[in-house]
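Structure record follows, encoded as C-alpha cells.
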Amino acid sequence: MSRGLWRVLALVGLGAGLILMALWLSGGLTGLERWAALQQRAAQDLMAGALRALRAGDPGATASLVWVCFGYGVFHAVGPGHGKLVIGSYGFGSQVPLARLAGLSLASSLAQAGVAVALVWGGITILDLGREALTDLSEAHMARISTVLVALVGLWLALRGLKMLRHEAARDGVPGHSHDHAHSHDHDHDHDHGPACGCGHAHGPTPRQLAETRSLRDGLLVVASIAARPCTGALFLLILTWRMGIFGTGILGTFAMGLGTATVTLAVAGLAVWARRGSFALLPQTGPWAQTARWLPGAMQLGAGALIAAVSVAVLL
C-alpha cells in the first residue's frame, strides 16, 4: 500500500471517530440508544421463553438460550455504557497495539460476566440476598465503584500525558536536543552512558517508551473498571436459573452475553486505533511543522484521560 493511500485511510478512521464522538456528546445517538434498550427488553422476553422451554425439556432450548444471551450482550453494548468509553479513550490516547487492546476488550467483557456470577452466587449462598437486594447492590454500590475506577483510569492517562509533554519540553531546553531522534545513536567510541556522561543524549525513557502501555498494572485497571459493574440482564438470568436449579446453564448464558458485549467493544477498539493513526497522518511529514509529531502522543493521552475523568466525575456528581 502506498504512503498516500495509507494516509487517506487513516484520515477516514479519524473522521469516523470524530463524527461518532460529536454525535455522542451532542445527544445525537439517543435514538440508537433507545432502540438498543427496546431490543434488550425483547431479548429478555425471549430469554424467559427459552428458560420455560428448558424447564419443559426442549432439547434445543439450551442452544436457543445461548444465542439469545449473545444477542442481548450485543444490544446491551450498543447502548450507553462505560466500557466503550474506557476502551475507546484508552486505545486512542495510548500507543497500545490493536491486538493487546482487543485482548483487553475481550478480557473486560468476560470478567464482567465473571463478576455477575460471583455476585449472584455469593449474594445468595453467603449473604442470603434476594433479587431486589442483588440488583440494588449492583446498580447502586458496584456502579459507583466502577465509576471511581474509570475516573482513576482517566487520571492515570492524563498524568502520563502530562509527564510525556514535560519530557518533550525538557528536551527542548537541552542543547543538542532540538533535532529528530529517528537517527541512530551509534558512536565511533565507547564510553559509559551514565547520568552525567556529557555525551548530550538523554538516557531515560523516550516519549514512545512512556506511551507504551504494556504493563500488567494498566491492563488490570482497565479490566477492573469495566468488570466492576455487572450487567443487569446477567443478574436477571442468573437469579432465575438459580431458582430453577440450572445455575450452570445460567453461567453459560452469562458468558455468552459477555462475548456479545465483546463484539461491540472490539469494534470500538479497532476504531480507536484507526482514529489514532489518522491523528498522526494529519501532521506533515517534512518541513518545520514535522517536529510537532513528537508532542502529539502526550497531548492525545492527556486529552483522552481528561475526557474519561470528566465524564466519570459528572456521573458521580
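The values are calculated or read from the model by the stated rules, or taken from the named source; none is laboratory data. Everything numeric here is computed off the predicted structure, so don't read it as measured data. For neighbour counting, all protein chains shown are included, and Cβ atoms are generated from backbone atoms with ideal geometry for every residue, glycine included. We work out accessible area using only protein heavy atoms, side chains counted, and drop any ligands, DNA or RNA first. Shrake-Rupley method; radii C 1.70, N 1.55, O 1.52, S 1.80 Å.
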- line: Selection from segment 90-102 of residues part of a helix (DSSP H, G or I) and either buried (at least 21 other Cβ atoms within 10 Å of the Cβ) or free of Cβ contacts under 8 Å to residues at least 40 places away in the same chain (or both) yields Y90, G91, F92, G93, A99, L101
- prompt: Failed condition for S108, given (1) at pLDDT below 90; (2) within 28 Å of the chain's Cα centre (by Cα), with all others met?
  reply: (1)
- prompt: Within segment 23-45, is even one residue β-branched (V, I, T) and modelled with pLDDT under 90?
  reply: yes
task: With a cut-off of at least 2 residues that are over 21 Å from G103 (Cβ atoms) and modelled with pLDDT under 50, name the helices (runs of 4 or more DSSP H) lying wholly within segment 173-271.
output: 207-211
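Based on what the data block shows, is A118 out of contact with any strand residue (DSSP E or B) (no Cβ under 7 Å at 6 or more places or on another chain), surrounded by 15 or more Cβ atoms within 10 Å (Cβ to Cβ), modelled with pLDDT of 90 or more and outside any loop (DSSP other than H, G, I, E, B)? Give the steps one after another, and end with the answer.
Values: out of contact with any strand residue (DSSP E or B) (no Cβ under 7 Å at 6 or more places or on another chain): yes; surrounded by 15 or more Cβ atoms within 10 Å (Cβ to Cβ): no; modelled with pLDDT of 90 or more: yes; outside any loop (DSSP other than H, G, I, E, B): yes.
No; evaluated as a whole, the condition is false for this residue.
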- line: Scanning segment 121-141 for residues that are in contact (Cβ under 8 Å) with a residue 40 or more places away in the chain and open to solvent by 40 Å² or more (accessible area, probe 1.4 Å), the one nearest to V311 (Cα to Cα) turns out to be E139
query: Wholly within segment 3-89, which helices (runs of 4 or more DSSP H) include no fewer than the required count, namely at least 2 residues that are farther than 30 Å from G303 by Cα?
result: 30-55, 61-78
message: Tell me the residue from L149, L162, L110 that is part of a helix (DSSP H, G or I), open to solvent by 50 Å² or more (accessible area, probe 1.4 Å), closer than 19 Å to A306 by Cβ and touching a residue at least 40 places away in the same chain (Cβ under 8 Å), please.
response: L162
message: For the list (1) touching a helix residue (DSSP H, G or I) at 6+ places or on another chain (Cβ under 9 Å); (2) open to solvent by less than 50 Å² (accessible area, probe 1.4 Å); (3) over 29 Å from F280 (Cβ atoms), I need the number of the one condition that R55 fails.
response: (2)
message: Checking T241 against (1) among the β-branched types (V, I, T); (2) open to solvent by 40 Å² or more (accessible area, probe 1.4 Å); (3) within 19 Å of V115 (Cα to Cα), only one condition comes out false. Which one?
response: (2)
- line: Expected single match for under 17 Å from G278 (Cβ atoms) and under 15 Å from the mean Cα position of the chain (by Cα) among G83, G17, G103 is G17
query: In segment 58-89, which residue that is free of Cβ contacts under 8 Å to residues at least 12 places away in the same chain and open to solvent by 10 Å² or more (accessible area, probe 1.4 Å) is nearest to I251 (Cα to Cα)?
result: A63
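Could you tell me whether segment 276-287 includes any residue that is of a type in the set (A, V, I, L, M), surrounded by 20 or more Cβ atoms within 10 Å (Cβ to Cβ), in a helix (DSSP H, G or I) and modelled with pLDDT under 90? Before you say what the answer is, go through the steps one by one.
To start, the set of residues in segment 276-287 that are of a type in the set (A, V, I, L, M) comprises 281-283.
Adding the requirement that they be surrounded by 20 or more Cβ atoms within 10 Å (Cβ to Cβ) leaves none.
No, because not a single residue in segment 276-287 is of a type in the set (A, V, I, L, M), surrounded by 20 or more Cβ atoms within 10 Å (Cβ to Cβ), in a helix (DSSP H, G or I) and modelled with pLDDT under 90.
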- prompt: Among the residues of segment 228-246, is any touching a residue at least 12 places away in the same chain (Cβ under 8 Å), farther than 20 Å from A50 by Cα and of a type outside the set (A, V, I, L, M)?
  reply: yes
- prompt: In the list V268, V315, V223, which residue meets the criterion of being within 22 Å of I19 (Cα to Cα) and among the β-branched types (V, I, T)?
  reply: V268
